[in-house]
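The values are calculated or read from the model by the stated rules, or taken from the named source; none is laboratory data. Keep in mind it's a predicted model, so treat the numbers as computed, not measured. Note that we place each Cβ from the backbone using ideal geometry, even for glycine, and neighbour counts take in every protein chain shown.
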Amino acid sequence: MNQTRLRFLWRENGFARQFRTGVSLHSHTMHSLESLGFIPHYVEAVPPLAWELRRQARKYLAKYNRELDYTRAFWTPPAPSHAHF
C-alpha cells in the first residue's frame with residue numbers, strides 16, 4: 001500500500017495521458033438519495049416537457065398552496081451496493 005498514490009485530474013493538467021486505466025470512486029447505489037433538483041433545468045431544453053412540467057407545477061400550487069420544490073424530492077437508484085458493473 002505504500003506505493004499507492006491518488007492523482008486528481010482537475011489538479012494536474014495532462015498527467016492522465018500516461019495511464020491506460022483509471023478508477024472512479026464515485027457511485028450511486030440503493031443506499032443513495034439522489035436529488036431531483038436538476039429536473040427543471042434540463043426539462044427546459046425540451047419544450048413539450050417544459051410545458052407539461054409548468055402545468056403540473058400550477059396544479060400542485062393550486063392543490064397544496066405552495067410551490068413545487070424539486071430540491072426536496074429524491075429518488076433511490078436500483079443498484080445494490082455490491083453490484084459489479
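The sole residue among THR76, THR71 that is hydroxyl-bearing (Ser, Thr, Tyr) and modelled with pLDDT under 90 is THR76.
Inside region 33-51, residues that are surrounded by fewer than 11 Cβ atoms within 10 Å (Cβ to Cβ), within 19 Å of the chain's Cα centre (by Cα) and not in a loop (DSSP other than H, G, I, E, B) make up a count of 2. Among the conditions (1) touching a residue at least 40 places away in the same chain (Cβ under 8 Å); (2) in a helix (DSSP H, G or I); (3) not acidic (Asp, Glu), ARG54 misses just one, which is (1).
The residue that is nearest to LEU33 (Cα to Cα), among those in region 52-70 that are among the aliphatic types (A, V, I, L, M) and within 26 Å of the chain's Cα centre (by Cα), is LEU68.
Do we have PHE38 as in contact with a helix residue (DSSP H, G or I) (Cβ under 9 Å, 6 or more places away or on another chain) and of a type in the set (A, V, I, L, M, F, W, C) here? Criteria met by PHE38. Is it true that HIS28 is modelled with pLDDT of 90 or more, within 19 Å of TRP75 (Cα to Cα) and not hydrophobic (A, V, I, L, M, F, W, C)? Here the answer is no, as HIS28 does not meet what is asked. Taken together, the residues in region 57-85 that are among the hydrophobic types (A, V, I, L, M, F, W, C), in contact (Cβ under 8 Å) with a residue 40 or more places away in the chain and in a loop (DSSP other than H, G, I, E, B) amount to 2. Of the residues making up region 1-32, those that are surrounded by 10 or more Cβ atoms within 10 Å (Cβ to Cβ) and either of a type in the set (D, E, K, R) or outside any helix (DSSP H, G or I) (or both) number 8.
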